[in-house]
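We did not get these values from a lab; they are worked out from the coordinates using the rules stated. Computed from a prediction, not measured in an experiment: that's the story for all the values here. For neighbour counting, all protein chains shown are included, and Cβ atoms are generated from backbone atoms with ideal geometry for every residue, glycine included.
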Amino acid sequence: MSVQQIINGISIGSVYALIAVGFALVFNILKFSNFSHGGVLTVTAYIGFLISTKLNVNIWVTLILTAITGGILAVGIEYIAFRRLRKKKSPIIYYFISSITVGILLENLIVIFFSSNFYSYPRFFKKSIIQFGELNIATTDFMMLIIAIVALVALMSVIYKTKLGIAIRALSTDADTTSLMGVNVTIIIMVIFFVSGVLGGISGVFLGMNYTLYPQLGKLIVKGFIASVIGGLGNIFGALVGAILLGVLEVLLTSISFIGSGLAPVVIFVLTLIFLILRPQGIAGIIIHERA
Amino acid sequence: MSFIISIITFASINIISVLGVFLITGMAGLFSLGQASFMAIGAYIAGILVIKLGFPFPIAIIIAVISGIIFGLIVGLPTMRLRRDYIALVTFGFGEAIIAILNNTVSVTGGAMGLSGIPKHTTIWLAIGSMVFCIFLVINFKYSKFGRQCMALKSDELAAKSIGINVVKVKLITFLFASALTSYAGVLYGFYTTYIDPNFFGWTHSAEWIIIVFFGGVNSLTGTVFSAIVLGTLPEILRFASEWRIFIYCTIVILIINFRPAGIFGEYELNIKTFKSDIKNLFKKINSKSEIVTKG
Amino acid sequence: MGKGLEVKSISKNFDGVKAVKKFSMKLQPKGIISIIGPNGAGKTTVFNLISGIYKVDEGEILLDGFNINKKEQYEITRYGIGRTFQNIRLFKGLNVLKNVITAYDAYSKYNMFDATFLSRRKRRIDSEIRDKSLYCLKLVGLEKLKDEKPENLPYGLQKKLEIARALATEPKILLLDEPATGLNPSEVVDYIDLICKLHEDMELSILFIEHRMQVVIELSEWIYVLDFGETIAEGKPEDIRNNPEVIKAYMGE
């Protein structure tokens, strides 16, 4: 496996990392897998496309506007789909179905407005490849890597170095006690969803740039999920590591000719299954114990 | 006339598939995002056996259903002891894997171009008869130790284990039963439409079934059947095949989850003995609620 | 008659916090003992270790001489250890009678074919189970409420239903987790009488957790006192009541 391939794998992995972290944030707090995140990815990917083509702006503005849209969308989803369930302390099964439904609804909205045509993002960069000695990296890939790193570092510093971060970490450990301590749980949750949506928005733009735009883009949420699982569900660093590994693994698999991209889902399924059997707690080794 | 026959046949087949999801999601509380792939397994295996290997239809059915159970074992055995999220993930991955295999084995399955020329062995009577029989089986399941243990583990898995229930085994048995039903529905489907292709059996189809179950009432078999008929067939009848259909279903489900999570039918089950008094009670409730609305 | 339940020096760590440190205890057949201690002392963790929800980090748990450390929760129940929960865990979606029936269902011997085809065997077994479950309800005085939803019952009756359900597992040993919590004084007396009756009639061994001393003093033959995961005292009720260490542990909280 060449260094070139590893670099490609890492840059795909960094996009998956953004998805995975956005996913892991919500899991940490509400303790369930937010499948609507896939819908957020799809919608923001298309919105980013609209922004960049209709408003004719460069990548930075696109990213910022799309990220904010993603954040608002996610907060809206929290309000419509999960707020009541939280107030009523509904069983987890309802969160699942609510998130899956929202995900499908969003995907369908895209199908309605854009039908199944393929669209693609405009070229943002004049030079499409950057060279480091003998290694090439697509400009877009390079951008994604840098921005992903910046976004994640920013997130980490908020979580570990600010008061808001302490509130978030407290909330993920024990929601009831945290609210009894005077923290406004609803606001914190809205913030979390906003951040998750922002990350989703950034990922959406990158996904849209990397692949052509199609309504089933949201399926890639599964990569984020798998990355989170590999890393240890809810653990943010784990999600990162898991995502990079997944990216590298994918590049490796697709380069094996008899697998190609056609049968890659089969191999990934088998590997995920084996991984879950051998080490369900992920790399970070966390099993969420139910309180007895 | 043939339009009505086709509606009834599709409705019956749809009900059988949704029964599978009722078992997995309604009774055991699990989410199988790849359930539609069992329909594909049933349809393709039976189809290939009959077209390419000349098997008689009844034998093909039996082999297809058994294959469905075997695949169910492959997915289910390692998975049923994992958390709910993981089960959703693995079944999703399984569904994708099956579709990938079907798309890439062109010589056997026709790949993305599908399998055509399947003889039309599914009559309306076979469909209706199967549906009634399957409902019979599922009702009996619900009112047996299996159904009760499912409800227990869905309600509180920890407590269920504490009274001696082998939760993993019960989940697996339920999952296998559902796989068998869904595979059978696939056979009926393939031998009615005479043409099948992999993309019909994707995860959105599986998710649609889950939506149907929640719409009717996740604990109510009556509700599920009702919902399968209404959401599955009404649009066809009313020629309401608009692109907004799924959007509307999703909106309805979100409203239901928020305001009436037990679904339209709640816990209610159709019971011939209490039918008359149930209808009377329903009218009484509607009257009193409308009185409150007009006076209040 | 077996040797009863013996716990030898078990410990449990959670992320560096030592919830239970080298705890040992013996429960003879037909005995009644209790574990008391201030909140957070590790009592419920001990229960969870015995019933198999958590696995011990060190030490042994022996049931009639047989090591059950590595057994699954449901297996441990089938070996004869039943329990109730501090925060009531009844099955919503099933009525009172069915909550008890599910405990018998776990041992029930008919298969899928019997069930889906409604065989004679299935009907016979389910009918027997129904009768046995009604009997369990009768033992706790709930038979008239058999069709009610458990969440509609008053708190005290929900606790009794949990006992009925635990009895349906035909246990040799019953673990009761903070049975008096949430009950008013007359309900507590009622509950204690029920436990005494069951202890006599069904020859059960009983292990209580309580943090209210008074409840436990009357009934127990032997008391273990936990604080911060360690046994700080053990003995007969009279000795424990006046033990200065115990009083300090409770006053200090």
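Descriptive notes on the structure:
- 5 Å binning of all Cα-Cα separations within the range C:121-253, expressed as whole percents from 0 upward: 2, 9, 17, 18, 17, 13, 9, 6, 4, 2, 1, 0, 0
- Computed from the Cα positions only, the extents of the protein assembly as shown along the three principal axes stand at 87, 68, 65 Å, in decreasing order.
- What you get for the protein assembly as shown, charging only the Cβ of Lys and Arg (+1) and of Asp and Glu (-1), is a dipole of about 1280 debye around the Cα centre.
- Taking Lys and Arg as +1 and Asp and Glu as -1, the other residues whose beta-carbon sits under 11 Å from that of C:Gly82 total +2.
- Hydrodynamic radius of the range A:159-269 per Kirkwood, over alpha carbon pairs, in Å: 16.4 Å
- Residue order, fewest to most surrounding Cβ atoms within 10 angstrom, among C:Lys109, C:Lys132: C:Lys109, C:Lys132
- Tensor-based shape of the range A:213-272 (alpha-carbon gyration tensor, a/c under 1.5 rounded, otherwise prolate or oblate): oblate
- Using the average count of surrounding beta-carbon atoms within 10 Å as a protection proxy, the listed peptides B:259-268, A:245-254 rank, highest first, as A:245-254, B:259-268.
- log₁₀ of I(q)/I(0) at q = 0.14 Å⁻¹ - the range B:118-276, Debye sum with one point per alpha carbon: -0.90
- Note on the range A:56-163: the C-alpha convex hull projects to 11.2 nm² when averaged across all orientations.
- The share of Cα pairs per 10 Å bin across chain A, counted from zero up to the longest distance, runs 6, 28, 36, 22, 7, 1 percent.
- Cα-based equivalent ellipsoid, the range C:103-194: semi-axes from gyration tensor eigenvalues, Å: 31, 14, 11
- Rg over Rh [alpha-carbon atoms, Kirkwood Rh] for the range B:1-110: 1.01
- Ordered from longest to shortest, the equivalent ellipsoid semi-axes for the range C:1-130 are 34, 17, 14 Å, each the square root of 5 times a Cα gyration tensor eigenvalue.
- A straight chain from C:Glu72 to C:Lys236 at 0.36 nm per residue would run longer than the Cα-Cα distance by 55.7 nm.
- Semi-axis lengths, largest first, of the ellipsoid equivalent to chain B are 32, 24, 18 Å, with √(5λ) applied to each eigenvalue of the Cα gyration tensor.
- Peptide B:202-211 shows a mean partner chain C-beta count of 3 within 10 Å per residue C-beta.
- Taking every DSSP bridge with both residues inside chain C, close to 55 percent are antiparallel.
- For the range A:6-51, dividing the convex hull volume of the Cα atoms by the residue count gives 83 Å³ per residue.
- Angle between chain C longest axis and helix C:120-140 axis [Cα atoms, degrees, rounded to 10]: 40 degrees
- Phi angles across the range C:164-175 convert, under the Karplus curve 6.51 cos²θ - 1.76 cosθ + 1.60 with θ = phi - 60°, into 3J(HN,Hα) values of 4, 5, 5, 5, 5, 7, 6, x, 8, 10, 10, 9 Hz, Gly and Pro given as x.
- Among A:Ser157, C:Ser51, a tally of other beta-carbon atoms within 10 Å of each Cβ gives an order, fewest to most, of A:Ser157, C:Ser51.
- Unsatisfied cross-links (Cα-Cα over 19 Å) in the set B:Lys169/C:Lys109; C:Lys30/C:Lys172; B:Lys145/C:Lys138; C:Lys21/C:Lys43; B:Lys154/B:Lys285; B:Lys145/C:Lys172: B:Lys145/C:Lys138; B:Lys154/B:Lys285; B:Lys145/C:Lys172
- The mean sequence distance of close C-alpha pairs (under 8 Å, at least 6 residues apart), as a share of the length of chain A, puts its relative contact order at 38 percent.
- B:Met113/B:Leu282 FRET efficiency (R0 56 Å; Cβ-Cβ; nearest 0.05): 0.65
- Per the Debye formula on identical point scatterers at the alpha carbon atoms of the range B:58-195, with no solvent, log10 I(q)/I(0) at q = 0.09 Å⁻¹ is -0.35.
- Other residues with beta-carbon under 10 Å from the beta-carbon of A:Tyr16 carry, at +1 per Lys or Arg and -1 per Asp or Glu, a net charge of 0.
- Counting only DSSP beta bridges whose two residues both lie in the protein assembly as shown, roughly 60 percent are antiparallel.
- Among the residues of C:118-125, the average count of other protein chain beta-carbon atoms within 10 Å of the residue beta-carbon is 2.
- Sorted peptide list for A:270-281, A:214-225, criterion being average Cβ within 10 angstrom, highest first: A:214-225, A:270-281
- The alpha-carbon positions of chain C define a convex hull whose volume is 143 Å³ per residue.
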